[in-house]
1. Under a straight-distance cross-link criterion of Cα-Cα below 28 Å, which lysines are reachable from LYS148, leaving out those fewer than 8 residues away in the same chain?
2. Hey, how much of the P(r) for region 119-217 falls beyond 19 Å, as a percent of Cα pairs?
3. Pairs of alpha-carbon atoms within less than 8 angstrom and 6+ residues apart define the contacts here; what relative contact order does the chain have, in percent?
4. Pull up the DSSP beta bridges for region 164-257 and report the antiparallel fraction as a percent, rounded to 5.
5. Given region 4-88 reduced to its alpha-carbon atoms as identical point scatterers, what log10 I(q)/I(0) does the Debye formula return at q = 0.15 Å⁻¹?
6. Taking R0 as 25 Å, what's the FRET efficiency between ARG161 and ALA116 from their Cβ-Cβ distance, rounded to 0.05?
7. Return an integer: the convex hull volume of the alpha-carbon atoms of the chain, in Å³ per residue.
8. So which lysines pass the test for LYS36, namely a Cα distance under 22 Å, with those fewer than 8 places away in the same chain ruled out?
Amino acid sequence: MLDRLTSLEVFAKVAAIGSLSGAARSMGLSQTMVTKHVASLESRLGIKLFHRTTRRLSITEAGRSYLESSERILADMEAADAAVAAERVEPRGLLRVNVPVVFGTKQIAPLLADFAARYPKVTTELGLNDRLVDLAEEGWDLAIRIGKLRDSSMVARRLARNRMVVCAAPAYLAAKGTPRTVADLADHNCLGYTLSQQGSAEEWLFGENGEIRVQVKGNLRANNGDVLRAATLAGQGLARQPTFIIADELRAGTLVALPLDQPEIQSSAVHAVYLPDRRPPAKVRAFIDFLAMRFSPEPPWDRGLF
């Protein structure tokens, strides 16, 4: 079965040149193939597109009407191709980015004005949720994911290390004492994050690869890091939080990082992930490069912190 779009291109070329052989030479096709394309269109439409004699070829009235429609279709296709090609070269169009809630509000949102100034033809839609979204099904161009990556089919670029610390308010430590070891955590009210990829609300992981499992308990669980930050600031208990959430409080001294006898997991990181594509759109590459530049060599929330 002949390609209909190619048949339209052949038809338009024959009409413009007024010759099957001339159209064949112009398009690099055989005259037989050009004839087949025209005949295929005529058969499908049930009309004659050209009057043929041994000396000349002329377009019919029905063919002239069909040519107008064909030229509009071909122009639209050319414009669509050009638009897609431009998006591959120049950052432009709607960029849909999905980001965890607190990271998005604290670390991504403040950068968007600068990104918009650099790339005025890009409109950014920032989706904030802590659910693991399906980029293909939900139409996201890329996502920021924190912690261990679960989906190996995605293309991922590491943007920054994700540092975790156990922290508490000075008032809590004054009242309950300061834990020195991970074993001491059993004697404290540990506020749990229910969406953690590094353990759970009841089990905190330590060690370079998360090999040390520590059972904890507490009177608050939440699926949002800002909720736990607020509760920790109020002196309710200890929390294990990423520094991108509590960096300002650590600098101000309203929260205190607790050095324990086991290291935090070293492999946790902030990644940009997107669907496999040998050449992703320029808007995606531009946003990832922009974040990599802003987060290098050390992310702003960690600078001067330790």
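No value in this document is a laboratory result; all are computed from the given coordinates. For clarity, every value in this text was computed on a predicted model and none was experimentally measured. Backbone-built Cβ (ideal geometry, glycine too); neighbour counts: all protein chains shown.
1. The qualifying lysines are LYS106, LYS217, LYS283.
2. 59
3. 21
4. Percentage antiparallel, nearest 5: 75.
5. Values returned for q = 0.15 Å⁻¹ are -0.55.
6. With R0 = 25 Å, the Cβ-Cβ based efficiency is 0.40.
7. 175
8. The reachable lysines, counting only those whose Cα sits under 22 Å from LYS36, are LYS13, LYS48.
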